[in-house]
Amino acid sequence: MIPPRDSNDLCEQALSYNPLHMTDLPAMDESALLAQALAWREDGQRVGIATVVSTWGSAPRPAGSLLVCNDSGQFAGSVSGGCVEVAVIEAAAEVMREGAPRMLEFGVSDELAFSVGLACGGRIRVWVEALE
């Protein structure tokens, strides 16, 4: 469970959708996304990587799809075509702060997944880890 946010919380920055905090990167392949994550890390930022590890049924993105984000609120890539990105970015912010990786699962039967839009009838599992 993600703890409540206060006004200075990292999640708040990551979810602001302020164009100044978002990357201007076009759709990228996985190697370009990993290169971006490494560049952020080399710049001294905390970095989170979310990877689709399995899918079942109708899923918006295939296994291996990535989303990378940093503690400045920038992100690139996609694990769900927009359906659950907000929840994944929130989890990545927590992982970046605490360091413990976690597995997320979204499906049409999960209340959270439905509330964030994964109504495609499928199920996805997403591994979220910090880049150290």
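The values are calculated or read from the model by the stated rules, or taken from the named source; none is laboratory data. Note that the coordinates shown come from a computational prediction; the quantities given were computed from them, not determined experimentally. Every residue, glycine as well, gets a Cβ built from its backbone with ideal geometry; the counts of neighbours run over all protein chains shown.
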(request) Can you work out which of the residues in the range 47-69 that are in contact with a Cys (Cβ under 9 Å, 6 or more places away or on another chain) and modelled with pLDDT of 95 or more is surrounded by the fewest Cβ atoms within 10 Å (Cβ to Cβ)? (result) Ile49
(message) Being closer than 18 Å to Ser31 by Cβ and either touching a residue at least 24 places away in the same chain (Cβ under 8 Å) or part of a helix (DSSP H, G or I) (or both) is true for just one of Gly64, Gly82, Gly73. Which residue is that?
(response) Gly64
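Applying the selection to the range 86-113, what residues are at pLDDT below 90 and in contact with a helix residue (DSSP H, G or I) (Cβ under 9 Å, 6 or more places away or on another chain)?
Phe106, Gly107, Val108, Leu112, Ala113, listed by residue number.
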(message) I'd like the residue in the range 114-126 that is over 12 Å from Ala59 (Cα atoms) and surrounded by fewer than 16 Cβ atoms within 10 Å (Cβ to Cβ) and, out of all such residues, is modelled with the lowest pLDDT.
(response) Phe114
